[in-house]
1. For residues that are more than 11 Å from ligand 1 (Cβ to nearest atom), part of a helix (DSSP H, G or I), β-branched (Val, Ile, Thr) and surrounded by 14 or more Cβ atoms within 10 Å (Cβ to Cβ), tally how many sit in the stretch 128-168.
2. Is it the case that some residue within the stretch 169-182 is open to solvent by less than 30 Å² (accessible area, probe 1.4 Å), within 19 Å of GLN102 (Cα to Cα) and either in contact with a helix residue (DSSP H, G or I) (Cβ under 8 Å, 6 or more places away or on another chain) or among the charged types (D, E, K, R) (or both)?
3. Quick one: how many residues across the stretch 229-271 are open to solvent by 40 Å² or more (accessible area, probe 1.4 Å), under 17 Å from ARG12 (Cα atoms) and out of contact with any Ser or Thr (no Cβ under 8 Å at 6 or more places or on another chain)?
4. Quick check on this structure: which one of GLU293, GLU219, GLU261 is within 16 Å of ligand 2 (Cβ to nearest atom), out of contact with any strand residue (DSSP E or B) (no Cβ under 7 Å at 6 or more places or on another chain) and either farther than 30 Å from ALA170 by Cβ or of a type outside the set (A, V, I, L, M) (or both)?
5. Counting only residues that are under 13 Å from the mean Cα position of the chain (by Cα) and within 16 Å of ligand 2 (Cβ to nearest atom), which one in the stretch 54-76 is nearest to GLY89 (Cα to Cα)?
6. What number of residues in the stretch 70-124 are among the basic types (Lys, Arg) and open to solvent by less than 60 Å² (accessible area, probe 1.4 Å)?
Amino acid sequence: MTPKDIRRLLDRYRITAAKGFHLRDHDPTDNGGDLVNHSESEALLADGVRRLAELQPLLYAQDSWTMLCTFQAMDAAGKDGTIKHVMSGVNPQGVQVTSFKQPGPEELAHDYLWRIARRLPERGHIGIFNRSHYEEVLVVRVHPELLQHQHLPVRRNGKKIWKHRLDDIAAFEKYLSRQGFVVLKFFLNISREEQKQRFLARLDTPDKNWKFSSADIAERDHWDAYMAAYQDAIAATAAPHAPWYVVPGNHKWFARLMVVEAMVAALEDLGLHLPEVSAEERARLAEGRRKLEAEDG
Ligand code: ATP
Ligand code: MG
């Protein structure tokens with residue numbers, strides 16, 4: 001198994017258009033079949049993490065392109081663990097991680113992209129969104145009563161609101177891409193049964209109890225509505241400049257491998273290199289060296 005093989009596998013999960021995308025065709029238990037061997041997965045992940053760590057300083061030094069990775073998933077799908085492992089080799093100074101929770105009063109007093117725009121990474125940085133603007137067409141769509149807190153004028157809260165939001169999100173990401181953002185969106189796709197097992201593990205293991213929330217159990221009743229919302233959201237916003245990766249999530253090791261490779265592939269595609277040092281700059285550097293060497297002692 002080489003990174004090239006992983007790349008080929010990754011193509012299966014990369015969605016760039018609505019046409020032909022059906023979430024139900026994506027198997028959460030998929031682990032690449034014979035292609036990847038679990039025993040070599042640790043070494044492959046370490047290799048991916050290393051390559052990402054090598055590319056990140058180039059992104060930082062060129063100070064122009066920006067990477068934005070959005071993570072969406074049902075509860076217990078492994079967003080936190082994936083982010084932790086994939087980013088483990090990268091210099092924290094070049095990364096900005098934001099977890100988007102239920103919006104508070106100040107956030108609800110603004111349009112929904114306000115808080116998102118405030119957390120966009122600076123040029124040369126990698127931004128990680130743990131949940132994102134997509135919550136506005138996922139949880140809010142599944143629980144439309146949440147719209148009542150959003151202070152929308154009645155005339156702007158009509159039947160087409162979800163289509164309009166999806167159009168606006170697609171347009172926002174197009175804008176970001178034109179501004180030099182590399183936009184990647186990950187849906188960690190676990191099965192309902194796998195979620196149940198992970199919740200049970202949280203209940204069974206005292207160390208994991210803190211992660212358990214009874215509200216999460218209630219959300220399971222809306223599983224199908226969430227899947228329908230994900231189907232629409234992914235189809236409406238998948239684009240070559242802002243692809244979705246529908247990553248099989250039941251095998252955590254496999255999901256992590258796919259995510260790190262997608263990030264590495266996107267950065268490699270930019271052809272990053274260290275900024276060139278001009279002849280004048282080189283002369284200044286040589287002058288600096290002469291001065292240092294001429295110092296006493
Ligand atoms: P964990 O793995 O720790 O549970 P989490 O991302 O689920 O991570 P929580 O604090 O449990 O974090 O939950 C955040 C909650 O906020 C989620 O239920 C999410 O749906 C909700 N949320 C996020 N954005 C919005 C939004 N714009 N409107 C309403 N709810 C939102
Ligand atoms: Mg949660």
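1. 1
2. yes
3. 1
4. Selected residue: GLU219, the only one of GLU293, GLU219, GLU261 that is within 16 Å of ligand 2 (Cβ to nearest atom), out of contact with any strand residue (DSSP E or B) (no Cβ under 7 Å at 6 or more places or on another chain) and either farther than 30 Å from ALA170 by Cβ or of a type outside the set (A, V, I, L, M) (or both).
5. PHE71
6. Going through the stretch 70-124 one residue at a time, the tally reaches 2.
The values are calculated or read from the model by the stated rules, or taken from the named source; none is laboratory data. Just so you know, these numbers come straight off a predicted model, no measurement behind them. All Cβ positions, glycine included, derive from the backbone under ideal geometry; neighbour counts span all protein chains shown. When the accessible area is computed, the model is the full protein with side chains, heavy atoms only, and any ligands, DNA or RNA have been set aside. Shrake-Rupley method; radii C 1.70, N 1.55, O 1.52, S 1.80 Å.
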